[in-house]
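Below: one structure, written as structure tokens.
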């Protein structure tokens, strides 16, 4: 820190902290999507602003192992229709996980461990984006994934079991996910979610914060709730006593 920065820090009259949030969870208790829709509309009407542009997790732990298939296309469409952003699923069977992945939903919790690369679909294995336009170079020994080209809108990169570094820009509509830290050596305009398995020590570092959403271990902030003075500058994002903080580097 420079002498001028130290002087400003000492002269500060207050401390600005970002509020912490936990991702809302929708716990399915049955597979009747009509019933889900009927009850969901009642909830949304009570607090429409709460659900607007809110990432949500679909919890399948309330279903029995013999419950059958979840109609993810209908469920995801329903949630998006009410302004929510379905992010991932928790719990459930292997078949349900496969169906969820087909809808581009992340598998959270212990089930986040991916199947072997030989069984994975193209673009769904660890560290690889969905489009061949972005190159990923996993380094298993260090639990580290390196992306050397821009991550474009609609692409998703997931670093399983370690950190993710992107030495290029991340476009709006792109998504970065890592079990560990995320480093972006360029503009971060998409979404970045670190600590996917609940690692509260994970951090996000970027050279230019313009993100739509940032999250550490489920605590998140959307662009509208990020102070303007923290946008367009190098920052680090981390949890402090369950509060998501964003600080200039």
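Of the residues that sit in the stretch 79-98 and are in a helix (DSSP H, G or I) and in contact with a strand residue (DSSP E or B) (Cβ under 9 Å, 6 or more places away or on another chain), which one is nearest to residue 213 (Cα to Cα)?
Filtering the stretch 79-98 for residues that are in a helix (DSSP H, G or I) and in contact with a strand residue (DSSP E or B) (Cβ under 9 Å, 6 or more places away or on another chain), the one nearest to residue 213 (Cα to Cα) comes out as 80.
If you go through the stretch 225-249, how many residues are in contact (Cβ under 8 Å) with a residue 40 or more places away in the chain and either in a loop (DSSP other than H, G, I, E, B) or in contact with a helix residue (DSSP H, G or I) (Cβ under 8 Å, 6 or more places away or on another chain) (or both)?
Qualifying residue count, the stretch 225-249: 5.
Specify the residue that is modelled with the lowest pLDDT; the eligible residues are those in the stretch 100-109 that are in contact with a strand residue (DSSP E or B) (Cβ under 9 Å, 6 or more places away or on another chain) and assigned to a helix (DSSP H, G or I).
My answer is 109.
Taking the options 162, 127, 136, name whichever one is surrounded by 18 or more Cβ atoms within 10 Å (Cβ to Cβ) and modelled with pLDDT of 85 or more.
Result of the check over 162, 127, 136: 162.
Modelled with pLDDT of 65 or more, surrounded by fewer than 17 Cβ atoms within 10 Å (Cβ to Cβ) and either in contact with a strand residue (DSSP E or B) (Cβ under 9 Å, 6 or more places away or on another chain) or within 18 Å of residue 222 (Cβ to Cβ) (or both): does that describe residue 25?
Criteria met by residue 25.
Just checking, does the stretch 82-90 include any residue being modelled with pLDDT of 80 or more, over 20 Å from the mean Cα position of the chain (by Cα), in the same structural domain as residue 24 (by TED's automatic domain parsing) and under 28 Å from residue 181 (Cα atoms)?
no
If you check 162, 186, which single one turns out to be in contact with a helix residue (DSSP H, G or I) (Cβ under 8 Å, 6 or more places away or on another chain) and either in the same structural domain as residue 244 (by TED's automatic domain parsing) or free of Cβ contacts under 8 Å to residues at least 12 places away in the same chain (or both)?
Unique residue meeting the criteria: 162.
Every residue in the stretch 187-217 that is part of a strand (DSSP E or B), surrounded by fewer than 24 Cβ atoms within 10 Å (Cβ to Cβ) and at pLDDT below 90, please.
Across the stretch 187-217, the qualifying residue is only 213.
When only residues in the stretch 139-155 that are at pLDDT below 85 and closer than 27 Å to residue 233 by Cα count, which is surrounded by the most Cβ atoms within 10 Å (Cβ to Cβ)?
Per the criteria, the residue is 144.
The values are calculated or read from the model by the stated rules, or taken from the named source; none is laboratory data. From a predicted model like this one, the values you see are computed outputs, not experimental measurements. All Cβ positions, even for glycine, are placed from backbone atoms using ideal geometry, and neighbour counts span all protein chains on display.
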